[in-house]
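Trainee: Can you keep this structure in mind? I'll have questions shortly.
The values are calculated or read from the model by the stated rules, or taken from the named source; none is laboratory data. Just so it is clear, the structure is predicted and the values come from calculations on it, not from any experiment. All Cβ positions, even for glycine, are placed from backbone atoms using ideal geometry, and neighbour counts span all protein chains on display.
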Amino acid sequence: MEPNYQDLVAQAHPIYSIFSIIYDIIYGRTGGLLKKAYDYGQVENYQQMVLCSVLAAIHIAFVVAMIFAIGPWVKALIVAKFAASPLLAMTLTGVGTNAVNRGFGWIVDAINRKVL
């Protein structure tokens, strides 16, 4: 049973997830928030700068947690409890993770528009 868990963990950490996090930090929502934080720092509006930085850090932490902690746990739960195939579990987890990340991104965007 041990090799099955190792295979599942190996499938749960694909390299494209790491590249998508890096791409999102540089060009996505987080990059925009960090650019805003830099702009606020230039005009000495430090309260807004800190808020942008904290919001960007929370977004990065949430995306990393979804990809590396919550996603594999849910995938293992689907395989163990529902006796689903690992391919089906990987598909369901990928779709669910993307939906939750998009929802959290909408929350970040709403805070960004409303407060900043």
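Trainee: Could you give me the residue pairs with C-beta distances under 7 Å whose first residue belongs to region 72-83 and is without any contact (Cβ under 8 Å) to a residue 24 or more places away in the chain, whose second residue is among the hydrophobic types (A, V, I, L, M, F, W, C) wherever it lies, and which are 6+ apart or on separate chains?
Mentor: Listed by first residue and then by second, the contacts come to 78/84; 78/89; 78/92.
Trainee: Sticking with this one: Could you list all residues from region 92-116 that are more than 25 Å from residue 52 (Cα to Cα) and either in contact with a His (Cβ under 6 Å, 6 or more places away or on another chain) or surrounded by 13 or more Cβ atoms within 10 Å (Cβ to Cβ) (or both)?
Mentor: Listed by number, the residues that qualify are 92, 93, 94, 96.
Trainee: Exactly one of these conditions fails for residue 99: (1) in contact with a Pro (Cβ under 7 Å, 6 or more places away or on another chain); (2) closer than 17 Å to residue 24 by Cβ. Give me its number.
Mentor: Condition not satisfied by residue 99: (1).
Trainee: Take the residues in region 53-90 that are more than 16 Å from the chain's Cα centre (by Cα) and loosely packed, with under 14 Cβ neighbours inside 10 Å, then tell me which one is nearest to residue 40 (Cα to Cα).
Mentor: Filtering region 53-90 for residues that are more than 16 Å from the chain's Cα centre (by Cα) and loosely packed, with under 14 Cβ neighbours inside 10 Å, the one nearest to residue 40 (Cα to Cα) comes out as 77.
Trainee: Still on this model: For region 1-52, please list each of the helices (runs of 4 or more DSSP H) lying entirely inside it that holds at least 2 residues being modelled with pLDDT of 60 or more and surrounded by fewer than 13 Cβ atoms within 10 Å (Cβ to Cβ). Give the derivation first.
Mentor: On the way: elements: 2-12, 15-27, 29-42.
Correct list: 15-27, 29-42.
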